[in-house]
Amino acid sequence: MNNQTTFPADADRDAVTAAVMEHGYALIHDLAPDLVAEAGRELAPYLEATPFGSAGFLGARTRRTGALFRKSVAAQQLAIHDMVMGVCDQVLLPQCARYQLNFSGVMELHPGEKAQVLHRDGDLYPFRNPYPATLVQTMWAVSDFTRENGGTQVVPGSHLWDESRKPLEQEVISAEMPAGSLLIYQAGTLHGGGANRAHAPRTGIAFQYSLGWLRQEENQHLTNPPEVARHYPPRLQALVGYEYGGPYLGFVNGDDPARLLADDGYDGPALRSRPDIDAAQARVPRFRFEHPGEEASEQAAWTL
Ligand SMILES: O=C(O)CCC(=O)C(=O)O
């Protein structure tokens, strides 16, 4: 156990935040075993009814389902766990007035799943790493997480690296933790699901929190629910949000938001982007942040 990044359930949240800021991640063992087990039970039927992913990033042997708060009361409680809120307050509030829930999902990696490509969740936005903490990501272990069964792989310290630096094999660790524990990490921390070489699935529940200003000014989603927006011109439907904002931005239950309006009988794999969206994003430059250094005031720590 690494005592700089692994904590007991009664850990002080300042110490956990310090690890997330310095090392890019922290593990808190046995934080909410009963609630996590209950969420796992509530979500199991949804996972069972979900096909495996479409290979690539989403995994050919992984089942994923999103929109968790409609499916699990325990998940509602987990998402607002005191420890998570405390760390989000400290990591995100220096950059925003309020943070928001950005993603909810459960990932069940089945035996034979290969390791996912290591990635930064903050790359949803076109910023070059290192960038300020735009996101906090959490992964609750529903099953035990081990190196053998595909426990999340993490690259300690990589939130501070220039993005041109690639991790060596020995720089990648496996987030091993018993069921009921929490892995919490930053937007810029390289990570990915591990390979499952065991005989049973590895299941984790993920919630991601983002800066409150990463959204539309007028709340288009509440103003224009599907039954209302169905009657709008297609261009307007896209503009108010029934369209991806970029790769992986704006999906509904892991799929194209436009499907909320169309009854076209589509029964293919859930997709979180489209080739034309990926191509459009590829021409957007990645903005570089400057960190003015140790002496800078907390108010002006980063400039674009
Ligand atoms: O399943 C995991 O351990 C990590 C999954 C992940 O990082 C992702 O799907 O973006």
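Descriptive notes on the structure:
- Members of the range 119-133 that are open to solvent by 30 Å² or more (accessible area, probe 1.4 Å) and within 12 Å of the ligand (Cβ to nearest atom): His119, Asp123, Leu124
- Qualifying residue in the range 43-65 (condition: away from the ligand (no atom under 16 Å from the Cβ), in the same structural domain as Pro132 (by TED's automatic domain parsing) and of a type in the set (Val, Ile, Thr)): no
- Close pairs (7 angstrom Cβ cut-off, 6 or more residues apart or separate chains): of a type in the set (Asp, Glu) in the range 120-131, open to solvent by 20 Å² or more (accessible area, probe 1.4 Å) and more than 12 Å from the ligand (Cβ to nearest atom) anywhere: none
- Options Ser174, Ser164: the member that is free of Cβ contacts under 8 Å to residues at least 40 places away in the same chain, out of contact with any helix residue (DSSP H, G or I) (no Cβ under 7 Å at 6 or more places or on another chain), within 13 Å of the ligand (Cβ to nearest atom) and open to solvent by 10 Å² or more (accessible area, probe 1.4 Å): Ser174
- Screening Thr138 with (1) within 25 Å of Phe7 (Cβ to Cβ); (2) more than 12 Å from the chain's Cα centre (by Cα); (3) of a type outside the set (A, V, I, L, M) gives one miss only, at (2).
- Condition check for Thr138: within 19 Å of Ala18 (Cα to Cα) and not in a strand (DSSP E or B): no
- Search result, residues across the range 134-154 that are open to solvent by less than 10 Å² (accessible area, probe 1.4 Å) and away from the ligand (no atom under 12 Å from the Cβ): Thr134, Val136
- Boolean, Glu171 is at pLDDT 95 or above, more than 18 Å from the chain's Cα centre (by Cα) and over 23 Å from Ala133 (Cβ atoms): no
- Any hit, the range 186-200, residues being over 27 Å from Met85 (Cα atoms), open to solvent by 40 Å² or more (accessible area, probe 1.4 Å), in the same structural domain as Asp82 (by TED's automatic domain parsing) and in contact with a His (Cβ under 9 Å, 6 or more places away or on another chain): yes
- Conditions (1) open to solvent by 20 Å² or more (accessible area, probe 1.4 Å); (2) assigned to a strand (DSSP E or B); number of the one not met by Gln116: (2)
- Qualifying residue in the range 208-222 (condition: within 21 Å of Ser72 (Cβ to Cβ) and either within 13 Å of the ligand (Cβ to nearest atom) or modelled with pLDDT under 95 (or both)): yes
- Residues of the range 181-240 that turn out to be basic (Lys, Arg) and over 23 Å from the mean Cα position of the chain (by Cα), as a count: 3
- Tally of residues being out of contact with any Asp or Glu (no Cβ under 7 Å at 6 or more places or on another chain) and within 19 Å of Ala133 (Cα to Cα) across the range 183-201: 9
- Hits in the range 187-204 (condition: within 13 Å of the ligand (Cβ to nearest atom) and either under 19 Å from Val20 (Cα atoms) or part of a loop (DSSP other than H, G, I, E, B) (or both)): Ala187, Thr189, Leu190, His191, Gly192, Gly193, Gly194, Ala195, Asn196, Pro201
The values are calculated or read from the model by the stated rules, or taken from the named source; none is laboratory data. Because the structure is predicted, anything quoted here is derived from the model rather than measured. Quick reminder, even Gly has a Cβ in these numbers, built from the backbone with ideal geometry, and neighbours come from all protein chains shown. Areas reflect the complete protein model, heavy atoms only, side chains present, ligands, DNA and RNA absent. Shrake-Rupley method; radii C 1.70, N 1.55, O 1.52, S 1.80 Å.
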